[in-house]
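The structure under discussion appears below in the form of structure tokens.
The values are calculated or read from the model by the stated rules, or taken from the named source; none is laboratory data. In this text the structure is predicted, and so the values were computed from the model without any measurement. All Cβ positions, glycine included, derive from the backbone under ideal geometry; neighbour counts span all protein chains shown. Just so you know, the surface numbers come from the protein's heavy atoms only, side chains and all, with ligands and any DNA or RNA stripped out. Shrake-Rupley method; radii C 1.70, N 1.55, O 1.52, S 1.80 Å.
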Amino acid sequence: MTHSSNNTAIDDSDRRSPDYPLPDWRQYLRFSQDHKVIGVQYMVTTFLFFLIGGLLAMLIRGELITPELNLVDRPLYNALFTLHGTVMIFLWIIPFNAGLANYLVPLMLGAKDMAFPLLNAIAFWIIPPAGILLMSSFFLPNGPAQTGWWSYPPISLQFPAGQPINGQLFWIVSLILLGISSIMGAVNFLTTIVWFRAPGMTFFRMPILVWSVLSAQLLQLINLPSLTGALILLMFDLSFGTNIFKPREGGDPILYQHLFWFYSHPAVYIMALPAFGIFAEVLPAFARNPLFGYRSLAIASLGIALVSIFVWAHHMFASATPDWMRIMFVVTSMLVAVPTGVKAFGWTATIWRGKLHLDTPMLFAMGGAAMFLFGGITGVMLASNSFDLHVNNTYFVVGHFHYIVFNTITMAIFAAIYFWFPKITGRMYTEGWGKLHFWLTFVGANLTFFPMHPLGLQGMVRRVASYPPEYQDWNVIASLGGFLLGVSILPFIANMIGSVLDGPRATNNPWEATGLEWTTTSPPPRENFAEIPQVIFPPYNYGNPRAYGEEPLTQTGEEVSNDENDE
Ligand code: HEM
Ligand SMILES: [Cu+2]
């Protein structure tokens, strides 16, 4: 690999040589059917919602730095964690992954575009209004929904009488719209992956990221209708006087929990699988080793998706779930550890004895994968009924899932942004700022979310704005860590904007990676490739004489090279 630590692939004098035109930023403000434009629209829009979700988290941590209630009042605190959780899941991670996959899947498969370009554009343009609707609930007389990102009835139905237009209704409608957008996306991704592969791109030559998208989108198609159904029924109870979930009128609130979690547990893998795919792309490229156990990791993606459909009631161990059902769900929940273990072993074995290049994408990928091990182990602990009943609804649970959604998945997202930034923008980012962003994030994330585990074991429950003074020490550390996380995003924003405007031009393949996306220009032309690629090799053939040959080869059999913009 030729690029040096400061990452400039070509010398300054060529900085502005327009061998290949840079993207015109105005196209991102228009209605476009180009998957690359739509991909960037998703990624930028959802990043703005991440900033909003992060701001809400800063307010939450600001309130929790002292035991007393002093920054916000209780209804507002309830609204803060409800919208923080909702925004981070439904407006940051799930649609960001859809955006990244939108940009990469056709390129990785050697296709000109997604199967249904118009549907693709519509699916994106549903997201901004749905997000704005949700945020606008802060301006309603009684403010946003206040009952958590689950919004369990009957508490979510207790909005002040005579307020038909209320924050809970805005929450429901916004999530129904986002669900429709995701279903459209699922149809598009599955059709593209099955029917739009280039000649020679058999299933077992697809990159793991594509296998991850395939698995995640299958879950969207199978499980998302359950959430949409639950939301529509909840809306009927809230606005049209039905009694489906109202216990006093003979309704069954537990039914809502089953419908909600039948989607929302697979949803954690809809969020995690693409992150696992990102690790499988970045780790071999910077370790210069083939991906260990390619086929097992591909099958494990589908394995995780399949098992994750049958574990949902582990979220309901404290909801009067009968013992036989608890035992069944303990077993299925533990079972998920098998395919995820295969993944974690594959990542570790891939970098084992590798020639590690610790550039920013690699740091985020290694940091994210390492923290997944911690988050995964606490997940297995929570799958055991007896332990779960002890820590149910405490900060142990909050700490566990943040090690997954932030320390693993959001870190993987940053690894992806840095890794494919040159391909998307045609420019290189500044490595020093990237490393600063990584270390602030890595330290901040552990300082914020690790203390939540001992707090939960000591009995601190979640969703409280004030707490007994004995919990203060750990909360102070968690809040200072949270503020550090808030600061950590500044070098990232500065680097991204500065590099898009003025970064050194990138070559086609600055990382000397082997995927099809690196065999075309940076950025790619409208139809992605000058001619349809002929695939002859699986991905990840990095310098392993045992496997393929001395020099790393792309999937089309060319030697990988970092020469500037060779067509
Ligand atoms: C930026 C750093 C973040 C910080 C400092 C943070 C902090 C917190 C805190 C303190 C809570 C507990 C509030 C309470 O129970 O009273 C919370 C809840 C939550 N967070 Fe985060 N979080 C962050 C990022 C994320 C991300 C990236 C996700 C992605 C999915 C996420 C999803 C959630 C969810 C789902 C809840 C539960 C909300 C509820 O109880 O309804 N958070 N967060
Ligand atoms: Cu779960």
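Details
- Among Phe442, Phe396, the order of accessible area from largest down is Phe442, Phe396, computed with a 1.4 Å probe on protein heavy atoms.
- Where only DSSP H runs of four or more residues are counted, the chain gives -20000 deg cm²/dmol as its mean residue ellipticity at 222 nm, each run worth -39500 (n - 2.57).
- Subtracting the Cα-Cα distance of Ile155 and Phe203 from their residue separation scaled by 0.36 nm leaves 12.6 nm.
- Close amide H contacts of Arg427 (hydrogens built in the peptide plane, cut-off under 5 Å, sequence separation of 5 or more or a different chain): Ala506.
- Residue order for His453, His315, His400 - accessible surface, 1.4 angstrom probe, largest first: His315, His400, His453
- Counting only alpha carbon atoms, the long axis of helix 127-136 and the longest principal axis of the chain meet at about 30°.
- Per-residue SASA remark: Val268, around 50 Å² accessible (1.4 Å probe; ligands, DNA and RNA not included).
- Residue-normalised accessible area of the range 37-264, given per residue in Å² at a 1.4 Å probe: 34
- Evaluating 6.51 cos²θ - 1.76 cosθ + 1.60 at θ = phi - 60° for every residue in the range 297-314, the Karplus couplings come out as 5, 5, 5, 4, 4, 5, x, 4, 4, 5, 5, 5, 6, 10, 10, 4, 6, 5 Hz, glycine and proline recorded as x.
- Taking Lys and Arg as +1 and Asp and Glu as -1, the other residues whose beta-carbon sits under 13 Å from that of Ala101 total -1.
- 5 angstrom amide H check on Thr394, placed H, neighbours 5+ away: Arg462
- Each residue of the range 469-485 was assigned a 3J(HN,Hα) from its phi angle through the Karplus curve 6.51 cos²θ - 1.76 cosθ + 1.60 (θ = phi - 60°); the sequence is x, 5, 8, 5, 4, 5, 5, 5, 4, 4, 6, 5, x, x, 5, 4, 4 Hz, with glycine and proline shown as x.
- Placing pseudo-labels 7 Å out from each Cα toward the beta carbon at Arg526 and Trp439 gives an inter-label distance of 4.6 nm.
- Coarse-grained scattering of the chain at q = 0.08, 0.11 Å⁻¹, given as base-10 log I(q)/I(0) from a Debye sum over alpha-carbon atoms: -0.52, -1.00
- Using Cβ point charges alone (K and R +1, D and E -1), the dipole size of the range 37-264 about the Cα centre works out to roughly 500 debye.
- Overall form of the range 37-264 per C-alpha gyration tensor (a/c, 1.5; a/b vs b/c): prolate
- Percent accessible area from carbon and sulfur atoms, the chain, protein chains only, probe 1.4 Å: 69
- About the centre of its Cα atoms, the chain shows a dipole size close to 900 debye [charges on the beta carbon of Lys, Arg (+1) and Asp, Glu (-1) only; nearest 20 debye].
- For the range 509-522, 3J(HN,Hα) per residue [Karplus equation, 6.51 cos²θ - 1.76 cosθ + 1.60, θ = phi - 60°, Hz, x = Gly/Pro]: 9, x, 8, 6, 8, 9, x, 4, 4, 8, 8, 10, 6, 10
- Charge dipole of the range 308-435 about the Cα centre (unit charges at C-beta), most positive-ward option of Val397, Tyr429, Ala320: Tyr429
- Accessible-area value, Ile536, 1.4 Å probe, nucleic acids and ligands omitted, Å²: 90
- Listed residues Phe96, Ala198, Leu231: farthest to the positive end of the dipole of the range 37-264 (Cβ charges): Ala198
- For Asp323, the accessible area of its heavy atoms, probed at 1.4 Å with every protein chain present, is near 100 square angstrom.
- Computed from point charges on the beta carbon alone (+1 for Lys and Arg, -1 for Asp and Glu), the dipole magnitude for the range 236-316 about its Cα centre is near 260 Debye.
- Exposure ranking of Lys36, Lys246, Lys112 by accessible area [1.4 Å probe, largest first]: Lys112, Lys246, Lys36
- Interchain or long-range residues, amide H under 5 Å from Gly148's placed H: Thr82
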